Amino acid sequence: METVISAQEIKRRGISAVDQALKKGPVHVIQRNRPRYVILSEESFQQLTTGVEARARLWNRLLEEDSAPSKPRSRSELDRELQAEREGWND
């Protein structure tokens, strides 16, 4: 379930309103009856950015290897490499 809080509520109650709402997960902030912001806990933000960085490293590695002349890899080799990389995303 999404946690929604209005900008007015944050203005009225301050950061304590956000702190309380963050206990349930990401907080969607509504301003002028429209979704305006999403607030994440530091832990959620770190998990999100770690996943992005891991995917960027994977693509960089694949593109670098792709540009170097070498013998073609089999599908099973690529699957093993991708699986190993994905397992590292959960760390």
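Quick notes on this one:
- Near residue 6, the amide H atoms lying under 5 Å from its own belong to 30; only residues 5 or more places off or on other chains count, and H is placed 1.01 Å from N.
- Sum of side-chain charges, residue 32 neighbourhood, beta-carbon under 14 Å (Lys, Arg +1; Asp, Glu -1): +2
- Between residue 74 and residue 86, the simple spin-label model (points 7 angstrom out along Cα→Cβ) gives 2.0 nm.
- Computed over the chain, relative contact order equals 20 percent, with contacts defined as Cα pairs under 8 Å that lie 6+ residues apart.
- Convex hull volume per residue in cubic angstrom - Cα atoms of the chain: 139
- Couplings for segment 44-55, taken from phi via the Karplus curve 6.51 cos²θ - 1.76 cosθ + 1.60 with θ = phi - 60°, read 5, 4, 5, 4, 5, 6, 5, x, 5, 5, 5, 5 Hz in order; Gly and Pro are left as x.
- For segment 43-89, radius of gyration divided by Kirkwood radius, i.e. Rg to Rh on alpha-carbons: 1.08
- Top positive-direction residue, dipole computed over the chain with Cβ charges, set 6, 78, 39: 6
A short reminder: the numbers here are calculations on the coordinates, not readings from a lab. If you're wondering where the values come from, they're calculated on a predicted model, not measured in any experiment. Please note: Cβ atoms are built from the backbone with ideal geometry, for glycine as well, and neighbour counts cover all protein chains shown.
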